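Worksheet: the structure to be examined is printed underneath.
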Amino acid sequence: MRPRRANGILTGKGSMRPIRLIVAFCACLVWAIAAAAAPINDSDFGALVRALGQGGFDDTEKAVAALAASGDDRVAVLLDKLGSGDLVVRKPDGGVFLAAKSGKDFALSDPVSGADAGIAPKATVEKIKINNKLRRAIASAVGNLTLMSPDPTIRRGAAEAVLKSADPAAIAVLDKAIAAETVADIKATMVIARATAVLASDAPEADKVNAVAAIAERGNRDALSLISPYVSADGALGEAARQAVAGIEHGLMAWDAGQNIWYGLSLGSVLLLAAIGLAITFGVMGIINMAHGEMVMLGAYATFAVQELIRNFWPGLFDYSLLIALPVAFLVAGGVGVVIERLIIRHLYGRPLETLLATWGVSLMLQQAVRSLFGANNREVGTPGWMAGSFELGQMQITWPRLWIILFALAVFLTLIATLKHTPLGLQMRAVTANRAMAAAMGIRTPLIDALTFGLGSGIAGLAGVALSQIDNVSPNLGRGYIIDSFMVVVFGGVGNLWGTLVGAMTLGIANKFLEPYAGAVLGKILLLVFIILFIQKRPRGLFALKGRAVEQ
């Protein structure tokens, strides 16, 4: 019976066969796609795991590649265990297990199901051995598996692992990962990882030249080490590598100079804090105070005492401990300074050598008093969370404690300038400095101003102790290391001139950091001291000479 034609379409049993064939083909295609996308079953995964313990290093490497190709979620953890030496082969049956030490034996667990596999004597198991080549293959495989992870931390670690392995097989995966990456620093690491993989591959020379350019854009020492092996290569690759190395080295020299300037500013801020109080007591009052370093020490110990109280009674306030310690240190050091001036210094005005000896004796007494109260050992002063850590600025490493100390030193300096220029105490201090007899005739109580001035200088030294407690050992000898440097800063900048103290501190700090790499720390300081001696021969009043009647008398 012939099929009937209805509206131009074949109908009947025979007409259904083409449709059924199409439907069957589509079903097979859908099944094949689903089967390819479906995760590997435990039986097949177990066979791949078992292959890790069979044969030599090359066979293990093939098994690693097969596991990585399976796409199973368990592979990354399993390969990580293989790399750390936690996979063993049980000799009787050749099974592969995760192993953990249990006394002299091993506790085994199934890497497929995670089930406990009992305790195995040491003699019945053998660790799966790996060599450097296999280690790189494992790192590359783990990196490839985790490059597309939703967790940025995992992606960053994977990119770094691929970067270290420089595996050409990772190029295709890296291309996908780079296209999908949204975090800038992770993407940059992936780009460098791809470039290193290209350099290790048999890619065309033009691609390798582009890879060298991509690595050179990073401009750091890691980039230099990645490019250096290709400097001796022939052709365009070698030329590109040599130019890149020269450019990176030139840039690093500039960054190194910038880092030294930063270290110099950091040291200069410390010197400024230590010297700014001395600029008042020595520069303004003309007193050679050898106990100035001990005022710094008292500020550091005041910080320690405040933190101990907070730890014991108000631990929630620890992040504010330094802010609380600032007024305490100022009052403690300033109060001690006022007492020293009233009891000792006031009887020795006009006799600088005697004030030197007297304050030297006071410094020894203060050191011994601190030893008696707190002990001779170093004391730990904690760093609040907002001051901890560091960050990178280009190729420079900036630590938060140093940055905060620089800002703090400048804040103290500007506050002192404002105090001297715009407060009654500052005006009276300047008047007494300029002409003591005239100031007394105008009704200014010069003995009180002397005591307050000495107390102000000592209190600022106490503030310096708070800052120095974050970068130096808090001990009875803390101030001894800064007294000579403080005098050098004050004399070099100009006795009695606070702006000269600022310039002198920063100049000596930067010069010291540039000298240290070549002359060493001790010889560098000696050279600076010789320079200052020669400089004072030419300019006895320092960089910025103080002008006024007091100078002319």
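Accessible-area rank, largest first, for 422, 292, 347: 422, 347, 292, with all protein chains present and a 1.4 angstrom probe. Accessible area per residue for the chain, computed on protein heavy atoms with a 1.4 Å probe, is 53 Å². Taking all protein chains together and rolling a 1.4 Å probe, residue 133 ends up with roughly 110 Å² accessible.
Taking 7 Å steps out from each Cα toward its Cβ at residue 442 and residue 534 produces label points 4.3 nm apart.
Mean residue ellipticity, 222 nm, helices only, the chain: the sum of -39500 (n - 2.57) across DSSP H runs of n ≥ 4, divided by residue count and rounded to 500, is -21500 deg cm²/dmol.
With Cα atoms as the point set, the radius of gyration and Dmax of segment 443-503 evaluate to 14.1, 46 Å.
Calculate log10 I(q)/I(0) of segment 160-268 for q = 0.11, 0.18 Å⁻¹, where I(q) comes from the Debye formula with a single equal point scatterer on each Cα and nothing for solvent. With one equal scatterer per Cα and no solvent, log10 I(q)/I(0) is -0.40, -0.86.
Both radii were evaluated on the Cα set of segment 473-527; the Rg over Rh quotient, with Rh as the Kirkwood radius, amounts to 1.02. So what does log10 I(q)/I(0) come out to for segment 314-458 at q = 0.08, 0.10, 0.16 Å⁻¹, using the Debye formula with one equal point on every Cα and no solvent? With no solvent term, the Cα-only Debye profile gives -0.36, -0.55, -1.09. Ordered from highest to lowest accessible area with the whole protein assembly present and a 1.4 Å probe, 294, 160 read as 160, 294.
Assuming 0.890 mPa s and 25 °C, estimate D for segment 261-305 with Stokes-Einstein, Rh taken as the Kirkwood radius over Cα pairs, in µm²/s. This corresponds to a translational diffusion coefficient of 211 µm²/s. For segment 72-201, the spherically averaged projection of the C-alpha convex hull amounts to 8.9 nm². Spin-label pair residue 480-residue 93: with each label point 7 Å from Cα along the Cα-Cβ axis, the two points sit 7.2 nm from one another. Considering all C-alpha pairs of segment 398-450, those separated by over 19 Å amount to 45%.
Computed from the C-beta positions of residue 203 and residue 519 and an R0 of 60 Å, the FRET efficiency is 0.80 to the nearest 0.05.
The largest accessible area among 525, 176 belongs to the first residue in 176, 525, and the rest follow in falling order (1.4 Å probe, all chains). Based on every Cα atom in segment 234-282, Rg and the maximum pairwise Cα distance Dmax equal 20.9, 69 Å. Estimated at the nearest 10 Å², the accessible area of residue 126 is 90 Å² with a 1.4 Å probe.
If you roll a 1.4 Å probe over the chain with all protein chains in place, what percent of the accessible area is carbon or sulfur? Of all accessible area on the chain, carbon and sulfur atoms account for 63 percent.
Counting only Cα atoms, segment 433-542 measures 57, 38, 19 Å along its principal axes, largest extent leading. Relative intensity of the chain on a log10 scale, I(q)/I(0) at q = 0.11, 0.12 Å⁻¹, equals -1.01, -1.09, per a Debye sum over C-alpha point scatterers of equal strength in the absence of solvent.
The values are calculated or read from the model by the stated rules, or taken from the named source; none is laboratory data. Bear in mind that the values here come from a model prediction, so they are computed numbers and not experimental data. When we count neighbours, we look across all protein chains shown, and the Cβ atoms used for this are built from the backbone with ideal geometry, even at glycine. Please note that ligands, DNA and RNA were not included when accessible areas were found on the heavy atoms of the full protein model with its side chains. Shrake-Rupley method; radii C 1.70, N 1.55, O 1.52, S 1.80 Å.
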